[in-house]
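Visitor: Sharing a structure, written as structure tokens. Questions coming.
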Amino acid sequence: MTRTTTILAIAVGLASALTLAACGPKEPPKKDPAANARAVRVVRIENRAITGALTASGSLIPREEAAVNPEVTGYRVSRVLVEEGAYVKAGQTLAQLDGVLINAQLEQQKALAAQADAQAQQAEAEAARVAGLDGQGVLSQEAIDQRRYQAKAARATANAQAAAYRDVQTRSTKLAVTAPVSGLVLERTVRPGDLASGGATPWFRIARDGQIELSADLSEDDLARIRVGQSAAVTLPAGGTAVGKVRIVSPQINPQTKLGTVRVLLPVRSDIRAGGFGRAVFGDASGQGLTVPETAIRYDADGASVMTVGADNRVKRVNVQTGARGEGLVTLVKGPPAGTRVIQNAAAFLLDGDMVKPVEGAAPAAPAQPAARPQAADKR
């Protein structure tokens with residue numbers, strides 16, 4: 001190989017190396033965070049009134065409850081005539097006691113009363129014979145006085161036996177255990193064969209006139225917004241709703257709990273049962289304050305919070321304290337100021353510092369689904 005050929009080969013090699021170097025990998029362009037930001041719907045915190053914001057939960061209890069026990073003891077129950085859930089009238093017999101023993105006592109006491117009355121009549125006749133013989137010497141004054149005292153004692157004994165007879169007569173009429181009021185039988189604890197005793201457990205519990213009401217506790221501030229006669233929609237355990245009226249507003253606040261009681265009288269219905277749980281919404285009560293949609297509130301181990309969106313479109317978690325609710329809104333007792341943008345759906349998977357594309361305004365209602373077309377019949 002000549003010198004000229006060698007120089008040419010070296011030059012070609014250098015040119016190839018430079019060409020390969022120019023075609024090597026280039027640095028990727030930097031990504032724009034805003035271009036990859038997630039679009040989210042945001043709403044602003046506003047000061048508004050919430051109609052129906054005042055709610056209260058409590059127990060369903062009888063408006064007035066009557067407890068029924070036997071008035072006489074020591075006798076067996078022969079029959080029980082009503083069951084739980086029955087509607088009874090005042091004076092109706094609920095249970096009947098066995099009267100065999102008391103009937104025997106009644107006959108015995110009747111005979112004793114008759115015997116005592118006969119003895120009293122005899123003593124009074126003997127006392128009448130010595131009338132006017134005082135000081136005449138026919139009988140000693142001691143004998144005369146003795147006849148008179150015996151007549152008085154015999155009459156007193158006769159009166160006592162007569163009273164005892166009337167007592168047994170009265171107790172014999174109490175063998176029928178009757179309802180003191182008209183209403184719904186809530187509970188029955190007696191069985192045929194039970195012995196009537198003075199126990200603390202009533203045989204029957206009756207809700208007078210079948211009326212049930214909601215007893216709920218409210219704070220002092222909320223209690224001031226309730227008045228007698230105010231309407232309230234009560235949600236029942238089974239999911240139904242009943243409209244009632246406020247009957248009582250507690251005149252005092254419990255010094256320990258700082259709560260007062262409100263009683264809402266409900267209509268008489270078979271699906272309203274004592275002992276259940278209800279939630280009342282007072283329709284004509286309203287609350288005023290900073291509000292956000294209920295869906296904007298996030299709940300976790302640290303409490304309630306909202307996800308705010310700053311001017312740089314980055315997300316920040318802010319703790320809040322919630323208040324009254326209604327119409328799908330919730331008031332913020334403590335939290336960001338009015339005008340702050342918050343993410344409408346708190347369930348969105350976002351973290352502090354994430355950049356988003358905010359879309360302002362409430363989400364539109366979902367369009368109604370078209371009705372399914374009927375399938376054409378197969379033609380064979």
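Every number here is computed from the coordinates shown, using simple stated rules; none is lab data. Source: prediction; values computed, not measured. Cβ atoms come from the backbone with ideal geometry, glycine included; neighbour counts cover every protein chain shown.
Visitor: Between LYS245 and GLU46, how high is the FRET efficiency from 1/(1 + (r/R0)^6) when r is the Cβ-Cβ distance and R₀ = 35 Å? Nearest 0.05.
Guide: So, using R0 = 35 Å, E works out to roughly 0.60.
Visitor: Under 19 Å from a point placed 7 Å out from the Cα of LYS334 along the Cα-to-Cβ direction: which residues of region 288-315 have their backbone N that close?
Guide: 289-292, 297-308
Visitor: Using per-residue counts of other Cβ atoms within 10 Å, averaged over each peptide, order 257-264, 270-277 from highest down.
Guide: Those peptides, ordered most packed to least, come out 257-264, 270-277.
Visitor: Which net charge results when you count Lys and Arg as +1 and Asp and Glu as -1 among the other residues whose beta-carbon is under 15 Å from that of ASN319?
Guide: It works out to a net charge of +1.
Visitor: Given R₀ = 30 Å, FRET efficiency for ALA125-GLN105 by Cβ-Cβ distance, to 0.05?
Guide: The value I calculate is 0.45.
Visitor: For region 236-267 and region 71-125, what is the separation of their Cα centres, given in Å?
Guide: Using only Cα atoms, the two centres lie 45 Å from each other.
Visitor: Measuring from label point to label point, each 7 Å out along Cα→Cβ, what is the SER231 to ASN36 span in nm?
Guide: Here the modelled spin labels are 5.6 nm apart.
Visitor: Could you list the residues of region 180-224 with an amide nitrogen less than 14 Å from a label point located 7 Å from the Cα of LEU265 in the Cα-to-C-beta direction?
Guide: 208-214, by backbone N distance to the label point.
Visitor: At 0.36 nm per residue, and after removing the present C-alpha to C-alpha distance, how many nm does the segment from ASP194 to LYS357 gain when stretched out fully?
Guide: 51.0 nm
Visitor: Here is the link list: LYS258/LYS334; LYS152/LYS174; LYS245/LYS334; LYS89/LYS110. Which ones come out longer than 27 Å on Cα distance?
Guide: LYS152/LYS174; LYS245/LYS334; LYS89/LYS110
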